[in-house]
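Peer 1: Take a look at the following structure, please.
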Amino acid sequence: MPEVNWRDLYRAAILELDPTLLQARVKVAEDAINARLAAALIPRDERRGMDEALSALRGLKRLRG
């Protein structure tokens, strides 16, 4: 089974149009990002991308509440 990375889950969340699925997709993406952030050695660019993704997901939750 191919590994799903946080970027794929983030993309799925921000592209989700069904409000009934949005909350779950956002949660899964946030969990994947937070799990990756727990890793010891993360390149600076990736860490910046994760911070931006988490910020966007928070905004998405506020907008689509």
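Peer 1: Between Ala39, Ala24, Leu63, whose Cα lies farthest towards the positive end of the dipole of the chain when Lys and Arg beta carbons carry +1 and Asp and Glu beta carbons carry -1, centred on the Cα centre?
Peer 2: Toward the positive end, the furthest listed residue is Leu63.
Peer 1: Within region 1-43, report the GluC sites (Glu not before Pro) that DSSP leaves as loop and that have at most 16 other Cβ atoms within 10 Å.
Peer 2: Glu3
Peer 1: If amide hydrogens are placed 1.01 Å from N in the peptide plane, which non-local residues have theirs closer than 5 Å to the one on Ile42?
Peer 2: Residues meeting the criterion, in which the H sits 1.01 Å from N, do not exist here.
Peer 1: Quote the relative contact order of the chain in percent (integer), defining contacts as alpha-carbon pairs under 8 Å separated by 6+ residues.
Peer 2: 37
Peer 1: Could I ask something else about it? Using helices alone, what [θ] at 222 nm do you get for the chain, with -39,500 (n - 2.57) per DSSP H run of 4 or more residues, divided over all residues and rounded to the nearest 500?
Peer 2: That comes out to -25500 deg cm²/dmol.
Peer 1: Quick check for me: using +1 on Lys/Arg Cβ and -1 on Asp/Glu Cβ, what's the dipole size of region 1-55 about its Cα centre, in debye to the nearest 20?
Peer 2: For this selection, approximately 120 debye.
Only the coordinates and a few stated rules stand behind these numbers; no lab work does. Only a predicted model underlies this, so the values are computations on that prediction, with no experimental measurement involved. Methodologically, a virtual Cβ is constructed for each residue, glycine included, from the backbone with ideal geometry; neighbour enumeration extends over all protein chains shown.
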